[in-house]
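The structure appears right after this line, and notes come after that.
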Amino acid sequence: MTVIAVVTTVGNRKEARRLARALVEARLAACAHVSRIESVYSWKGAIEQGKEYRVLFKTIEEHYPAVERAIRELHAYELPAIHAFAMTHISPDYAAWIEENVGV
């Protein structure tokens, strides 16, 4: 199994916590990290800048479609950022913990 991190950003802490809790409770992710960030991006022809919260979910590659679907259903943004990357260097014990805590 390949362990991955799925990342999204949201507009406020309440939504970040709601997404994190929902995906962990559904066993789509073993855990989620919420961090405050500042974003600069192009949106509808204008350069925007603002405070956001990044939510990083630790899960397995097989769950990516369900994780993306859940984020889209719960997300407030018109076009949520959703992307993932493989954890290529990860402690075997930690990878096993992630795999044990997602609904495999």
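No lab work stands behind these numbers, since they all come straight from the coordinates. Please read all numbers here as calculations on a predicted model, not as lab measurements. Positions of Cβ are backbone-derived with ideal geometry, glycine not excepted, and every protein chain shown enters the neighbour counts.
Could you grab me the full set of residues in segment 25-48 that are over 14 Å from residue 11 (Cα atoms) and free of Cβ contacts under 8 Å to residues at least 12 places away in the same chain?
25, 42, 43, 44, 45, 46, 47
How about segment 19-53: which of its residues are surrounded by fewer than 20 Cβ atoms within 10 Å (Cβ to Cβ), among the hydrophobic types (A, V, I, L, M, F, W, C), in contact with a strand residue (DSSP E or B) (Cβ under 9 Å, 6 or more places away or on another chain) and more than 22 Å from residue 2 (Cβ to Cβ)?
Residues satisfying the conditions are 34, 37, 40, 47.
So which residues in segment 54-104 are surrounded by 14 or more Cβ atoms within 10 Å (Cβ to Cβ), in a loop (DSSP other than H, G, I, E, B) and touching a Leu at 6+ places or on another chain (Cβ under 9 Å)?
75, 102
Among the residues of segment 1-15, which ones are under 23 Å from residue 97 (Cα atoms) and not in a strand (DSSP E or B)?
1, 2
Is it true that residue 10 is farther than 16 Å from residue 63 by Cα, among the aliphatic types (A, V, I, L, M) and exposed (fewer than 14 other Cβ atoms within 10 Å of the Cβ)?
no
Tally up the residues in segment 25-42 that are touching a helix residue (DSSP H, G or I) at 6+ places or on another chain (Cβ under 9 Å) and hydroxyl-bearing (Ser, Thr, Tyr), please.
Qualifying residue count, segment 25-42: 1.
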